[in-house]
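Scroll down for the structure; my scribbles are underneath it.
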Amino acid sequence: DAGVTQSPTHLIKTRGQQVTLRCSPKSGHDTVSWYQQALGQGPQFIFQYYEEEERQRGNFPDRFSGHQFPNYSSELNVNALLLGDSALYLCASSARLAGGRYNEQFFGPGTRLTVL
Amino acid sequence: QKEVEQDPGPLSVPEGAIVSLNCTYSNSAFQYFMWYRQYSRKGPELLMYTYSSGNKEDGRFTAQVDKSSKYISLFIRDSQPSDSATYLCAMSAVRGSTLGRLYFGRGTQLTVWP
């Protein structure tokens, strides 16, 4: 089991550009959540995808959008990049259990985005 | 007030010491409590996962949850230099609109020196 994988590992962009980050969940998991972790801070929830729909969203602007594919993999898109978008972007996967509960969330290694 | 508060440290202890890491929270809907370990520039690794109140032990690690005080702890016995990392507490609700969303503390940076 490869666990949660993310690509690319590192990315450097300039202000105003657009970026797409990718995530493949752990085998058997159907739910993907994205988090942003600024340096020295805990991860902040961006949004969650289940059954190819955005189910929840944190306090992030519409510049942040996502997608989930039928194989449960997911993309995070950020438009009109700002310097403040520089962070580690983490993908976490989990399985939705009976009764709507979730099991543990497992994180990928992250994509480090630098905006110049 | 942030939903989850965690002292960022840094915390520096000698090898073999008992380490105590703590978080407080304000949302009484939280019932899942987790501790993640994060090495520098890596993704968080799940260490402990508990539901509701009580203790859970796994090897050198013990997680405690006191819901009446809204306080959770992670104890590390016989600490090793390889335990040097940032420890993140996280929690989530079991129902409602935020189901499955994790709320994190800012992490405590731990160094265990030989």
Task: Test for B:D66: is it charged (D, E, K, R) and touching a residue at least 60 places away in the same chain (Cβ under 8 Å) - done: no
Task: Among (1) open to solvent by 40 Å² or more (accessible area, probe 1.4 Å); (2) within 14 Å of another protein chain (Cβ to nearest Cβ) - the single one A:E52 does not satisfy - done: (2)
Open item on the list: Whether any residue in segment A:64-73 is open to solvent by less than 40 Å² (accessible area, probe 1.4 Å) and closer than 21 Å to B:F33 by Cβ is what I want to check.
Closed with: no
TODO: Output the number of residues of segment B:3-26 satisfying the condition of being touching a residue at least 60 places away in the same chain (Cβ under 8 Å), in a strand (DSSP E or B) and β-branched (V, I, T).
DONE: 3
- [ ] Could you look through segment B:7-34, keep only residues that are among the polar types (S, T, N, Q) and touching a strand residue (DSSP E or B) at 6+ places or on another chain (Cβ under 9 Å), and pick out the one that is farthest from B:V65 (Cα to Cα)?
- [x] B:S12
Open item on the list: Against the definition (assigned to a loop (DSSP other than H, G, I, E, B), without any contact (Cβ under 8 Å) to a residue 24 or more places away in the chain and open to solvent by less than 70 Å² (accessible area, probe 1.4 Å)), how does B:R101 come out, yes or no?
Closed with: yes
Open item on the list: Tell me the residue from B:A85, B:A63 that is touching a Lys or Arg at 6+ places or on another chain (Cβ under 6 Å) and under 28 Å from A:L11 (Cβ atoms), please.
Closed with: B:A85
Task: strands (runs of 3 or more DSSP E) fully within segment A:3-42 counting 1 or more residues that are among the aliphatic types (A, V, I, L, M) and in contact with an Asp or Glu (Cβ under 9 Å, 6 or more places away or on another chain) - done: A:19-24
- [ ] From B:F104, B:F61, B:F33, grab the single residue that is modelled with pLDDT of 95 or more and within 14 Å of chain A (Cβ to nearest Cβ).
- [x] B:F104
- [ ] Sort out for me the strands (runs of 3 or more DSSP E) sitting completely within segment B:27-84 that have 3 or more residues that are hydrophobic (A, V, I, L, M, F, W, C) and buried (at least 17 other Cβ atoms within 10 Å of the Cβ).
- [x] B:30-38, B:61-66, B:71-76
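The values are calculated or read from the model by the stated rules, or taken from the named source; none is laboratory data. Source: prediction; values computed, not measured. Cβ: placed from backbone, ideal geometry, glycine included. Neighbour counts: every protein chain shown. Protein only, heavy atoms only, side chains kept; ligands, DNA and RNA dropped before computing areas. Shrake-Rupley method; radii C 1.70, N 1.55, O 1.52, S 1.80 Å.
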